[in-house]
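For reference, the structure is listed below as structure tokens.
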Amino acid sequence: MKIATEPIGSIPRPVELVEAITSSSPKQDLEALYDKAVMDTLKEFERTGSLIITDGEQTKSSFATYPLDGAVNIAPKGMRIDFADGHFRQLPLLTKGPFRYSKYAVQYLKYAQERTSLPIKQAVISASALSLIYPPEGIEGYSQEGFIADLVNECEKDIRQCLEQGAAKVQMDFTEGRLSLKLDPSGGVLQQFINLNNQVFNRFSDAYRERLGVHVCPGGDHDSTHSADVDYTAFLPALFDLNVGNFYLQLASESDKKKVLKTVKEYLKPYQKVFIGVTDVNSPKVETKEEVMERILEAAEFIPLGQLGTTDDCGFSPFCDDVSTTREIAFAKIKARVEGTKLAEAKLS
């Protein structure tokens with residue numbers, strides 16, 4: 001039986017592109033570097049033997065904030081997310097309504113489709129992550145209820161455009177899910193996030209939900225995490241209440257994989273497929289294909305083969321200034337994932 005394998009999203013950007021972005025190079029110079037980076041990313045993906053690829057998010061400012069790029073009703077100093085190594089990322093704040101995306105993911109999808117014949121997977125940000133940009137004190141004349149209604153509409157539009165454009169899969173990034181239990185151990189915030197994202201997913205047909213997925217991890221930025229200290233098994237039961245067909249789970253970096261796999265087995269629904277992380281994106285060590293195979297064989301003890309797939313733990317560089325991992329290491333890990341998955345297929349058949 002075939003075991004599907006897919007990437008998550010981001011690939012480290014070329015050093016020259018990162019330097020140009022961080023030095024505010026002229027737009028025409030950036031456009032040329034963007035095009036070169038996307039083309040190279042697509043070609044490198046093809047060399048790994050991948051059957052479904054991404055554009056590496058080369059032209060996104062970040063996996064989380066692309067819908068806000070160029071927006072005029074956004075201000076700095078929003079919610080701060082602290083990472084274990086001491087650095088932090090900070091979301092912006094909405095200053096006035098109505099809320100609309102300034103960029104939709106379909107533009108990245110079209111750009112990549114024009115440059116490769118391989119199926120493209122498109123990552124989008126979750127409604128729950130963007131809900132955090134509404135200021136705690138509110139906005140005069142624009143209620144939180146009105147904002148949420150607009151947010152759900154925009155998130156649906158972002159996803160639907162990609163599906164209608166022919167994305168092989170559309171993956172919602174939900175890295176704030178595990179973090180929510182650190183902020184609110186009672187699980188109240190997590191349940192709010194689940195309910196909000198389901199408002200979006202419930203607008204799609206069963207056929208479309210088979211191509212929809214959710215990615216979760218404890219963060220992955222500059223080889224550090226924001227919520228790896230949160231018990232994964234406290235998060236997973238609520239996760240599988242999301243009304244989608246595919247789940248992309250960080251697992252390679254977990255210390256107790258069997259504990260996680262037992263929980264997945266307990267809560268995974270019959271119509272859902274789980275893609276387990278078999279490469280640790282925060283480690284410079286490149287896994288061998290045999291190591292990947294062994295991780296899959298272990299997972300197959302708990303998850304039915306028809307519901308099992310493989311992926312990377314996270315995107316390799318979800319923010320445009322992250323140079324902690326080289327492109328060479330990222331693609332070597334992806335190749336090991338692809339080849340290790342094939343080894344596991346042969347072993348299990």
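Farthest toward the dipole's positive end in the chain, which of 17, 106, 134, given Cβ charges of +1 (Lys, Arg) and -1 (Asp, Glu) about the Cα centre?
With unit charges placed on the Cβ atoms, the residue in question is 106.
At 222 nm, what value in deg cm²/dmol follows for the chain if DSSP H runs of at least 4 each add -39500 (n - 2.57) and the sum is divided by all its residues, to the nearest 500?
It lands at -12500 deg cm²/dmol.
As an exercise, take the mean of 1/r over every pair of distinct alpha carbons in region 115-158, invert it, and state the Kirkwood radius in angstroms.
12.4
Estimate the FRET efficiency between residue 72 and residue 165 by the formula 1/(1 + (r/R0)^6), using the beta-carbon distance for r and 22 Å for R0, to the nearest 0.05.
So, using R0 = 22 Å, E works out to roughly 0.25.
Please list, by residue number, everything in region 215-259 whose backbone N is under 18 Å from a paramagnetic label point 7 Å out along Cα→Cβ of residue 297.
Answer for this model: 252, 257-258.
Multiply the residue separation of residue 266 and residue 43 by 0.36 nm, subtract the distance between their alpha-carbon atoms, and state the gained length in nm to one decimal.
Contour length minus the Cα-Cα distance gives 76.3 nm.
Please sort by residue number the GluC sites (Glu not before Pro) in region 115-162 whose DSSP state is loop and whose Cβ has at most 13 other Cβ atoms within 10 Å.
Qualifying residues, ordered by number: 137, 140.
Give me P(r) over region 95-181, computed from all C-alpha to C-alpha distances, binned every 5 Å, as integer percentages.
Whole-percent P(r) values from 0 Å outward: 3, 13, 22, 19, 16, 13, 8, 4, 2, 0.
With labels modelled as points extended 7 Å from the Cα through the Cβ direction, what inter-label distance (nm, one decimal) is found for residue 183 paired with residue 132?
It works out to 0.5 nm between the two label points.
Filter the chain for me: DSSP H helices, axial length by Cα at least 15 angstrom, mean Kyte-Doolittle hydropathy not below -1.0. List them by residue number.
In the chain, the long hydrophobic H runs are 27-47, 144-164, 188-201, 289-300, 327-348.
Lone cysteines in the chain, defined as no other cysteine's Cβ under 4.7 Å from theirs: which are they?
Cysteines of the chain left without a disulfide-compatible partner: 155, 162, 320.
With each label point set 7 Å from Cα along the Cα-Cβ vector, what nm distance links residue 332 and residue 114?
Label at residue 332, label at residue 114, 3.5 nm between them.
From the C-alpha coordinates alone, can you work out the Kirkwood hydrodynamic radius of region 30-141, in Å?
With all distinct Cα pairs of region 30-141 included, I get 16.0 Å.
Please work out how much length the chain gains when fully extended from residue 343 to residue 52, using 0.36 nm per residue of separation minus the C-alpha to C-alpha distance, in nm with one decimal.
The span from residue 343 to residue 52 would gain 102.9 nm if fully extended.
If you place +1 on the Cβ of every Lys and Arg and -1 on the Cβ of every Asp and Glu, how big does the dipole about the Cα centre of the chain come out, in debye to the nearest 20?
So the magnitude is around 760 debye.
In nm, give the distance between the simple-model label positions of residue 198 and residue 84, each being 7 Å from the Cα along the Cα-to-Cβ direction.
3.1
Just the number, please: percent antiparallel of the DSSP beta bridges in the chain, rounded to the nearest 5.
Around 25 percent of the beta bridges assigned by DSSP in the chain are antiparallel ones.
Which one, [x] 22.5, 75; [y] 19.1, 62; [z] 24.8, 84, gives Rg and Dmax of the Cα atoms in Å as derived from the coordinates shown?
The calculated read-out lines up with [y].
Cross-link candidates for residue 269: which aspartates and glutamates have Cα within less than 18 Å, leaving aside residues fewer than 8 places away along the same chain?
Within the straight-line limit of under 18 Å, residue 269 reaches these aspartates and glutamates: 206, 210, 241, 301.
Can you sort 178, 211 by 1.4 Å-probe accessible area, starting with the largest?
My answer, sorted largest first, is 211, 178.
Measure up 285/335; 60/262; 182/285 against 25 Å on the Cα-Cα distance and list the ones that go over.
Too far apart for the 25 Å limit: 60/262; 182/285.
Across region 55-96, what fraction of all alpha-carbon pairs, as a whole percent, falls in each successive 10 Å bin from zero upward?
Values per bin, smallest distances first: 25, 46, 27, 2.
Find how much the distance from residue 30 to residue 191 grows on full extension, using 0.36 nm per residue of separation minus their present alpha carbon separation; answer in nm with one decimal.
In short, 53.9 nm is gained.
The values are calculated or read from the model by the stated rules, or taken from the named source; none is laboratory data. Note that the coordinates shown come from a computational prediction; the quantities given were computed from them, not determined experimentally. A quick note on method: Cβ atoms are made from the backbone with ideal geometry, for glycine too, and the neighbour counts reach across all protein chains shown. Accessible surface areas use protein heavy atoms only, side chains included; no ligands, DNA or RNA. Shrake-Rupley method; radii C 1.70, N 1.55, O 1.52, S 1.80 Å.
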